[in-house]
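The values are calculated or read from the model by the stated rules, or taken from the named source; none is laboratory data. Just so it is clear, the model here is predicted, and its values are computed rather than measured. Cβ sites come from the backbone with ideal geometry, for glycine too, and all protein chains shown count toward neighbours. In case anyone asks, the SASA skips ligands and DNA or RNA and just uses the protein heavy atoms, side chains included. Shrake-Rupley method; radii C 1.70, N 1.55, O 1.52, S 1.80 Å.
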Amino acid sequence: MVKQETLPGLDGNEEELEGVVDSVVFASEDGRFSVFRLHPLKKSSRIVATVGSMPPLVGQQVRLRGRWVVHPRFGDQFRASGMIVAAPASVDGIERFLASGVIDGIGPAMARRLVEKFGKDTLDIIEKKPRLLEQVSGIGKKTAEKIAASYRKQSELRDIMLWLEGHGVSGSYAARIFKQYSSFAIDVLENHPYRMAQEVDGIGFLTADAIAASNGMQRDDEARVAAGIEYALHQISLSGHCCIPEGALAEQAAKLLRVEIGTVREVMRHQLEANRLAAEYLGGETLIYPPYLYMAERKTADKLLYLQKEAQPLSVEEPYQLVGEWEAEAGVKLAQKQREAMAAVLVHGIFVLTGGPGTGKTTVIRGMLDMLEIQGLRILLGAPTGRAAKRLAEATGRKAMTVHRLLEAQGQREGASVFAKDSEEQLDADAIILDEVSMMDIVLMQHFLEAVPDGCHVILVGDVDQLPAVGPGSVLKDILRSGAIPSVRLTDIFRQDEAGTIVLNAHAINAGRMPRCSPDGDFIFREIEDPARVADGVVELCATWLPAMGFSPLADVQVLSPMHRQECGVDNLNRRLQAALNPKSPEKPEFINSTQTLRLGDKVMQTRNNYAKHVFNGDIGFIVEMEEDHVTVRYSDELSVDYERNELMELQLAYAMSVHKSQGSEYPVMVLPLVSAHHIMLQRNLLYTAVTRAKKLVVLLGTKAALGTAVRNDRMRKRYTLLAERLARKL
C-alpha cells in the first residue's frame, strides 16, 4: 500500500487538517461531492464540517489539504482540495468505522462484538482470515464472505485514493475509477491510463495524461500521441465536425501534446493502418475521421439513397389530382410549392420539406397525414426533443414521440447509445414524419434510418436556416446541398397577420435586414449599453413588466442567451432570475452543490439523457417536492421523476437557457440579451433561431451594434462533413 507522509500541492493559502471521519452528511456515488463531519486529532478541537470532492469513510483517519471558508447558511467549513487516508488504528476508531454501516453485514452491535473479540487485529482478520469471523455470534459462512468482500471493496477504493494522491493527482477521481474498473483499477492506472479518458465520466485527456506522466511515460511515447490524436478528434467533433483535414489535425495534436508534428504524422499513419482512424480523400485532400463518425456518415448516405431508389409510389393515380381533392374536402387553398410537397410524398420514398416560420409547413404536414392515411398506411410521428414532439402532436392532433422513444432507447454501452429498434428489430410503420430535423446529428440519424423498414416512406421536415445540431454533422443542410434527395422549400408567408411582425422580422433577419421594432408592438428592442444594466433589465422584465402584461414569468416567458458565461450569460441570469422569481425562504428547502443551489419551486432542465427515468437532454420541469434524500421534478401531467441527491448534477436551472437548447420549442414570450461581450456568438442563424421561438412577443435588450453584428454575420462556421458528397456519389 502506498504510504504518503505529506500532501502534494500545498500552497501558501492552504493548510493541513488531520482527524477521523465522524459521520458522512452526504456523498455522491461518483465521488464528485461530499459533506462530512471530521473529529480533529487535537483533543481541544471541535468537530469540523468538511466539504470536498472525495469519498470519505467513517472511522478512517485522514489528512486533508484545503482552506477555511464561511458558508452563508452553514457557517464555518473546511473546503478540502486533497486527502490521504489511513486505516483506523485505535480500537475506538475501528469500531466507529465498522459501526458506520460502510461494510455490508456489520452494524453497531456486530461492530462491538467484533472489536471485543479481535481488538486491534479486527481489520486484519476481516481482510486476511475471514473464516475466523465465524467465531463471533451471529456470523455464519455467508455473512463472513459478504463482510470480507465488502471490506476488500473499501480497501481497494482506499488504495486507489492513496495511489492517486501519491502520484500528485486528486483522490476525488477514486470512486469513479473504482466504479468502472473494480479490482483492475490499479492495473489501468499504471498500464493503461488513457483508457480512462474514454471510459470514466469526468476524466478527460488532460487528467489521464497527468496520471501517465506520473508513471514516467515519455512525451513522445506512441500510446500518448495516439491518445492525444483521439482526444483532438473528440474535441473537433464537439464543434460539430465529422472529420478534419489531416494537416489541421496534426497541428492541433502536436500543439496539445507539445511534440514534433512529424511524430504526430507517423503515429497517425500507424493508427490508420490499424483501422483505429478512418480517412477519406477528396480533391487532393485527406480528411481524418473517428471510425464511429465515418461509419455513421456512410450508413446514413447509403440508407437515404436506398430508400429513394426502392420505395414504390403510393398511388397510381395522378398525385396532383389527389392533392386537389384534398384541398376541396379540407376547404384549404394551397400555394404551388405546398401542392408540390404534398404530391411528392405520394411519389418518393424519401422527401424533405423545409421552410421558415409562417410558410405553411404545418398545413402541409396535416395534408400529408390525411393523404397517407387515405392510402391505409401506418404512420409514425417523431422529433428530436420532447418539446418538439409535443408541438408536433398539438399541431397535428396525433401522437408524436421523440426519436429516442421511437427507437426505444436502452441506455449506453461503451459510450454509445443502444436502441431496441435497429436493423434487426425495425419500426412497425409504412410512413414516418420527422420534424425539426435540423437538430438531428449524424449519429442519431444513422440509428433512426437503420430502424426504418424497407419500403417505408420517410418525410424529413425542418428549417435549414436555424442553428445546426449540437452534435456532429449538418444532416438537413447536407441532404439539401447534395441535390440527391427530392425536396421542396416553402417561401411564401401565410401567418403574418396571425403572428404580427415576429414572422416578418424573422424573415428579414434571415435575409440580412434589420428587424422593425416598436415599443408598443410585439417585437421590442430596448437599447442599453452596459451589460450589467442589461442583466438588470432582463430581471425587471421577468419579475415586474411582463407579469403586469398578464404573462406568467415561469410558464410563458423564456430568457435565452448566446453564451453561458459573463454578465448576460445563462449561468448568471439563472442565479439572478432564481433570486427574483423563486426567492430563498424558510419554507423552501434547498440543495446546494459546488455549481448551483436548487430550491423547491425552481424551473429546471435535464442536461443528459437518462434512459432509466425516461427523461432526456433539454426536458424542462419544476421541482415540486424536496425531501432530505431526494427531489421530485414534474415534467408534465403524466411524468414526475424522482432524483436521489447524487443525481442532482443532471439538473440545471432553466429560467434562462442557451439558444441551442431552445431549439424545437415555442414560448409565448422570448427575451434575449444582445451585448458586445457575446460577439463570438453573434450570428444571423442564432438570432433567427431565437426570434422564431416566440409566438406572441419578442424582447431584445442590448446595443444596436450587437444587434447589427448578429444580423450581418452570416458566416456560419464551416462544418467538415462529407454527407452531401456521398449522397451526390462524389466519393
(message) Quick check for you: which residues of the range 413-441 have the amide N under 18 Å from the point 7 Å beyond the Cα of residue 470 toward its beta carbon?
(response) 415-418, 436-441
(message) Using just the Cα positions, wrap the range 97-198 in a convex hull and report its mean projected area in square nanometres, one decimal place.
(response) 7.1
(request) Could you let me know the centre-to-centre spacing of the range 339-357 and the range 172-247, using Cα atoms, in angstrom? (result) 46
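Send over a whole-number figure in Å² for the accessible area per residue of the range 208-297, probe 1.4 Å.
Details: 4240 Å² over 90 residues.
With the other protein chains kept in place, the range 208-297 gives 47 Å² per residue.
Stick to the Cα atoms of the range 155-287, pair each with every other, and give me the Kirkwood hydrodynamic radius in Å at one decimal. List each step's numbers first, then the result.
Values: mean 1/r = 0.0634 Å⁻¹.
After inverting the mean inverse Cα-Cα distance, the result is 15.8 Å.
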(message) Give the aspartates and glutamates reachable from residue 613 as a straight Cα distance under 18 Å; neighbours fewer than 8 places away on the same chain don't count.
(response) 29, 408, 625, 629, 637, 638, 642, 644, 647, 650
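Under a point-charge model restricted to the Cβ atoms of Lys and Arg (+1) and Asp and Glu (-1), what is the dipole moment magnitude of the chain relative to its Cα centre, in debye to the nearest 20? Walk me through the numbers before you get to the answer.
Working: 86 positive and 95 negative charges, 218 e Å.
So the magnitude is around 1040 debye.
In the chain, carbon and sulfur make up what percent of the accessible area (probe 1.4 Å)? All intermediate terms of the calculation are to be shown ahead of the outcome.
Working: 15650 of 33170 Å².
Carbon and sulfur: 47 percent of the exposed surface of the chain.
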(request) Please find the FRET efficiency linking residue 628 to residue 49, where r is the Cβ-Cβ separation and R0 is fixed at 22 Å, and quote it to the nearest 0.05. (result) 0.85
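Based on the Cβ-Cβ distance of residue 426 and residue 370, what FRET efficiency does E = 1/(1 + (r/R0)^6) give at R0 = 22 Å, to the nearest 0.05?
Values: r = 25 Å, r/R0 = 1.15.
Efficiency for this residue pair is about 0.30.
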(message) Distances longer than 16 Å among the Cα atoms of the range 635-709: what percent of all pairs is that?
(response) 60
(message) Rounded to whole Å, give me the distance from the Cα center of the range 614-686 to that of the range 427-449.
(response) 24
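Quick one: length gained pulling residue 454 to residue 532 fully straight, 0.36 nm per residue minus the C-alpha distance?
Values: separation 78, 0.36 × 78 = 28.08 nm, distance 5.69 nm.
Going from the current span to full extension adds 22.4 nm.
What is the extension gain from residue 270 to residue 640, computed as 0.36 nm multiplied by their sequence separation minus the C-alpha to C-alpha distance, in nm to one decimal? It would help to have the intermediate numbers written out before the result.
Details: separation 370, 0.36 × 370 = 133.20 nm, distance 5.08 nm.
Once the chain is fully extended between residue 270 and residue 640, it gains 128.1 nm.
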(request) Calculate, axis by axis, the spread of Cα positions in the range 541-661 along the three principal axes, and write the results as whole Å, longest axis first. (result) 38, 34, 31
(message) Report, to one decimal in Å, the Kirkwood hydrodynamic radius for the range 366-415 based on all distinct Cα pairs.
(response) 12.1
(message) Students often check this: by mean Cβ neighbours within 10 Å, which of 371-378, 234-241 ranks highest, and how do the rest follow?
(response) 234-241, 371-378
(request) Can you quote the Å³ per residue value for the convex hull of the Cα atoms in the range 310-376, rounded to an integer? (result) 81
(request) Using packing as a proxy for protection, rank 330-342, 571-583 so that the peptide with the highest average count of other Cβ atoms within 10 Å comes first. (result) 571-583, 330-342
(request) Calculate, for the range 505-631, the solvent-accessible area per residue in square angstrom, rolling a 1.4 angstrom probe over the heavy atoms of the protein chains. (result) 47
(message) Cut-off under 21 Å on the C-alpha distance; same-chain residues fewer than 8 positions from residue 333 excluded. Which lysines are left, in chain and number order?
(response) 361
(message) If R₀ is 56 angstrom, what is the calculated FRET efficiency for the pair residue 580 and residue 221, using the beta carbon separation as r and rounding to 0.05?
(response) 0.55
(request) Could you tell me which of the pairs 146/179; 584/661; 309/477; 120/146; 303/477 are separated by over 24 angstrom between their Cα atoms in the structure shown? (result) 584/661
(request) Give the cross-link partners of residue 142 among the aspartates and glutamates, using a straight C-alpha distance below 16 Å as the criterion and excluding same-chain residues fewer than 8 apart. (result) 104, 127, 134
(request) Helix by helix through the chain, keep the DSSP H runs that span 30 Å or more along the axis on Cα and average at least 0.5 on Kyte-Doolittle, and give those back in order. (result) none
